[in-house]
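Below is one structure; the comments refer to it alone.
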Amino acid sequence: MDIIKVIIADDHIIFRKGLSTILNEIGNVKVVGEAANGLELLELLRKTPADVILMDIKMPQMDGIEATRNVIAHYPDIRVIALTMHEEISYFNKMIEVGATGFLLKKTTQDELEKAIIAVACDEPYFSEEFMSNVQMNPLIHQRKQPDIQLTPREQEVLELICKGESNPEISKRLGLSQRTIDGHRARLFEKTGAKNAPHLVMYAIKNGLIKT
């Protein structure tokens, strides 16, 4: 795999520096820049190509939500992973809507950081298990109930694995099915839920109680 170029956007310099040190120990990851807020991030992106941004949500001058909106609008190939604290779970919907494809708690491990970065760089969503559990317990996430839908047992199985951050090849191997079959189940899940991408599918599943973590 090619080197994955990462930018860290967070207003706490000690956290940024520590995270940068950890990430640069991962063989196929290179930190190419740091920003203390969304405005600094957008200025940095004008001269520094990146594949993945680790995005703090609460930042001064321009927060992570507005920064993500701008990044996706101007650099659609860049993937954004939101770095959150427990009390920021309520921002889940907003970050999904503006284009984030991954969510990690700030107390995450190096192994999970690596897994998340590789997943989103390969255009797969990634939501840490602990983050997902916290989201499901937050009543703000379930404010707008969608119509009930009927999933087959296999579609339910595939949905839960997608919500655990597994890629189509991983799901294919786990279930002993061809990737083409998994692609078909995934397409039907999008059709039934009206989701336009995997993160929206995960959000739909959480809001409607379709998964258990």
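The values are calculated or read from the model by the stated rules, or taken from the named source; none is laboratory data. A quick note: this is a predicted structure, and the numbers were derived from the prediction, not measured. We place every Cβ from the backbone using ideal geometry, glycine too, and count neighbours over all the protein chains shown.
Against the conditions (1) β-branched (Val, Ile, Thr); (2) at pLDDT 95 or above; (3) part of a loop (DSSP other than H, G, I, E, B), where does VAL31 fall short? Just the number, please.
Checking VAL31 against (1) β-branched (Val, Ile, Thr); (2) at pLDDT 95 or above; (3) part of a loop (DSSP other than H, G, I, E, B), the one that fails is (3).
So, in segment 155-201, how many residues would count as being closer than 19 Å to MET132 by Cβ, assigned to a loop (DSSP other than H, G, I, E, B) and of a type outside the set (Ser, Thr, Tyr)?
5
Just for segment 163-191: of the residues that are among the basic types (Lys, Arg) and at pLDDT 90 or above, which one is surrounded by the most Cβ atoms within 10 Å (Cβ to Cβ)? Steps first, please.
Quick first cut of segment 163-191, residues among the basic types (Lys, Arg) only: 164, 173-174, 180, 186, 188.
When the remaining residues are screened for being at pLDDT 90 or above, the result is 173-174, 180, 186, 188.
On the way: LYS173: 13, ARG174: 13, ARG180: 9, ARG186: 18, ARG188: 15.
If we take residues in segment 163-191 being among the basic types (Lys, Arg) and at pLDDT 90 or above, then ARG186 is surrounded by the most Cβ atoms within 10 Å (Cβ to Cβ).
Given the options PRO125, PRO153, name the one that is at pLDDT 80 or above and assigned by TED's automatic domain parsing to the domain that holds GLY27. It would help to see each step written out before you state the result.
Working: PRO153 fails: assigned by TED's automatic domain parsing to the domain that holds GLY27.
Residue meeting the stated conditions: PRO125.
Looking at ILE53, ILE26, can you tell me which residue is modelled with pLDDT under 95 and surrounded by 15 or more Cβ atoms within 10 Å (Cβ to Cβ)? Step through it out loud before you land on a result.
Details: ILE53 fails: modelled with pLDDT under 95.
That would be ILE26, the only listed residue that is modelled with pLDDT under 95 and surrounded by 15 or more Cβ atoms within 10 Å (Cβ to Cβ).
Residues of segment 69-128 being among the polar types (S, T, N, Q) and either part of a helix (DSSP H, G or I) or exposed (fewer than 15 other Cβ atoms within 10 Å of the Cβ) (or both), which ones?
Here is the first cut: in segment 69-128, the ones among the polar types (S, T, N, Q) are 70, 84, 90, 93, 101, 108-110, 128.
Residues satisfying the conditions are ASN70, SER90, ASN93, THR109, GLN110.
With the requirement that a residue be farther than 20 Å from PRO60 by Cα and assigned to a strand (DSSP E or B), what does segment 4-28 give you?
Across segment 4-28, the qualifying residues are ILE4, LYS5, VAL6.
Would you tally the residues in segment 30-52 being closer than 22 Å to GLY99 by Cα and under 21 Å from the mean Cα position of the chain (by Cα)?
Number satisfying all stated conditions: 15.
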